[in-house]
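Written below as structure tokens is the structure these notes are about.
The values are calculated or read from the model by the stated rules, or taken from the named source; none is laboratory data. Just so we're clear, the structure is a prediction, and the values are computed from it rather than from any experiment. Here the Cβ positions follow ideal geometry from the backbone for every residue, glycine too, while neighbour counts run over all protein chains shown. Heavy atoms of the whole protein, side chains included, go into the accessibility calculation; ligands, DNA and RNA do not. Shrake-Rupley method; radii C 1.70, N 1.55, O 1.52, S 1.80 Å.
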Amino acid sequence: MKLAQCGDFDEIKNIFYQYKDIFPHVRTDYIMRQIESNNCVYDNGIVITFNFYKKPQKIGTVEARPGHCILHQIVRDKDNKDASAASVLKSFFDWTMTDVWLSVRRDNEVAKKFYERNGMKKMGEIYWARYTLPGDVYLYQRTLSLV
């Protein structure tokens, strides 16, 4: 697994632009901040943005603990047919050495099946846009701590 470098910015930005319909809220300044903070993986055409919580954090109906990781986005370069999101995600889980949370739109069945195939379990619910857009909260649990 490789953390993104500033020189990767244009390639990462272009990958996000391939998914404007899914990630219209991802701005270029956010991408650069994630890269500069070492909170962005860029490996074999796969981009993962993430953060580690410093204090307890509610994610919909569940709560993450300090030190847990939140995976914000995972995207694959559509032009890279050899890109394996599963292998990069597994490496990411191994690298974090802690529990990893994410939230996903409830209607995104493809993503939810991918997360489940890769060891994540649905743990709760979340709503965006004033409770008009439902989502699910998933966890890859590495620690034995209660969630």
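Things worth noting here:
- Residue list for segment 85-113, restricted to those being assigned to a helix (DSSP H, G or I) and either at pLDDT below 95 or open to solvent by less than 50 Å² (accessible area, probe 1.4 Å) (or both): ALA85, ALA86, VAL88, LEU89, SER91, PHE92, PHE93, THR96, VAL110, ALA111, LYS112
- Number of residues in segment 61-110 that are among the aromatic types (Phe, Trp, Tyr) and free of Cβ contacts under 8 Å to residues at least 12 places away in the same chain equals 0.
- Test: residue in segment 7-18 that is aromatic (Phe, Trp, Tyr), touching a helix residue (DSSP H, G or I) at 6+ places or on another chain (Cβ under 7 Å) and open to solvent by 30 Å² or more (accessible area, probe 1.4 Å): yes
- Note on segment 40-84: among residues that are more than 23 Å from CYS6 (Cβ to Cβ) and at pLDDT below 95, the one that is least open to solvent (accessible area, probe 1.4 Å) is SER84.
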